[in-house]
Structures are given as C-alpha cells and as structure tokens.
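K.L.:
Below you will find the structure I want to go over with you.
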Amino acid sequence: MSVSVLSLLVAALAGAALGGAYLGLLWLAVRRLPQDRGGVLVFVGLGLARGALLLGALAAAAVLGVPAGGIVAALAGFVAVRFAATRLMGRGTPGDALWK
C-alpha cells in the first residue's frame, strides 16, 4: 500500500495545526501559573486539555485508518512547529525575567 505525497502533506499540515494548538495551550498555562491561587488549577486543567487533544488526535487517526506514514508525517509537522516556536520564543523579549 502506497501513500500519496498529497496525503502526507495533509497529514504534516494537520500535525502542524495540532502542534500549534498544543503549544498555544501550553503557553496559556505557563503564563497563568504565576498568578493567584487559581493559577495551578488552570495549569492542571490545561495540561489535561493538552493530553485530551493528543489522545483525540490519535483516536481520530485510528478511526479514519490513517496509515503509519501519515502518522509519522503528522509527527514531523508537530515537531517542526515545536522547533519553530522554541527558536522564535528562545530569543525572549526585552524586559522578560531570565531563569537563574
């Protein structure tokens, strides 16, 4: 069974979208953590949401019968967004506190 280039591209874009949503939820959780007492609850809740997002994506791939090549392409899209985000955010912004 061969996988078309178009289906791999669609899977990679879907993985990139999933990565963007995952990292967006992570960013919200980390930004909310230092706030009042409710910050920890929001962090835990968004952590559960990130887990549900990933498990839902894997379940959808299983139901749709996505081949292994498609899942690998989606993973590559996810990792590409993660690398891009860390390169972009790794520079920091003026006025941000650095971890020591």
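K.L.:
Report the residue count in region 12-38 for those that are outside any helix (DSSP H, G or I) and in contact with a helix residue (DSSP H, G or I) (Cβ under 9 Å, 6 or more places away or on another chain).
P.N.:
Summing the residues that are outside any helix (DSSP H, G or I) and in contact with a helix residue (DSSP H, G or I) (Cβ under 9 Å, 6 or more places away or on another chain) in region 12-38 gives 2.
K.L.:
If you check ALA17 against the conditions, is it buried (at least 16 other Cβ atoms within 10 Å of the Cβ) and small (Gly, Ala, Ser)?
P.N.:
So ALA17 fails the test.
K.L.:
Just give me the residues in region 11-50 being small (Gly, Ala, Ser) and over 17 Å from GLY77 (Cα atoms), in sequence order.
P.N.:
ALA29, GLY38, GLY39, GLY45, GLY47, ALA49
K.L.:
Going through region 47-100 one residue at a time, which ones are charged (D, E, K, R), over 16 Å from VAL30 (Cβ atoms) and modelled with pLDDT of 85 or more?
P.N.:
If the condition is that a residue be charged (D, E, K, R), over 16 Å from VAL30 (Cβ atoms) and modelled with pLDDT of 85 or more, then ARG87 is the only one that fits.
K.L.:
Residue by residue through region 29-48, note down the ones that are surrounded by 15 or more Cβ atoms within 10 Å (Cβ to Cβ) and among the aliphatic types (A, V, I, L, M).
P.N.:
Within region 29-48, ALA29, VAL42, LEU46 meet the criteria.
K.L.:
Just give me the residues in region 1-11 being assigned to a helix (DSSP H, G or I) and surrounded by 14 or more Cβ atoms within 10 Å (Cβ to Cβ), in sequence order.
P.N.:
SER7, LEU8, VAL10, ALA11
K.L.:
Another one. In region 62-80, which residues are part of a helix (DSSP H, G or I) and surrounded by fewer than 17 Cβ atoms within 10 Å (Cβ to Cβ)?
P.N.:
ALA62, VAL63, LEU64, ALA68, GLY69, ILE71, VAL72, LEU75, ALA76, VAL79, ALA80
The values are calculated or read from the model by the stated rules, or taken from the named source; none is laboratory data. What you see is a predicted model, and the numbers here were worked out from it, not measured in a lab. Every residue, glycine among them, receives a Cβ derived from its backbone with ideal geometry; neighbour counts consider all protein chains shown.
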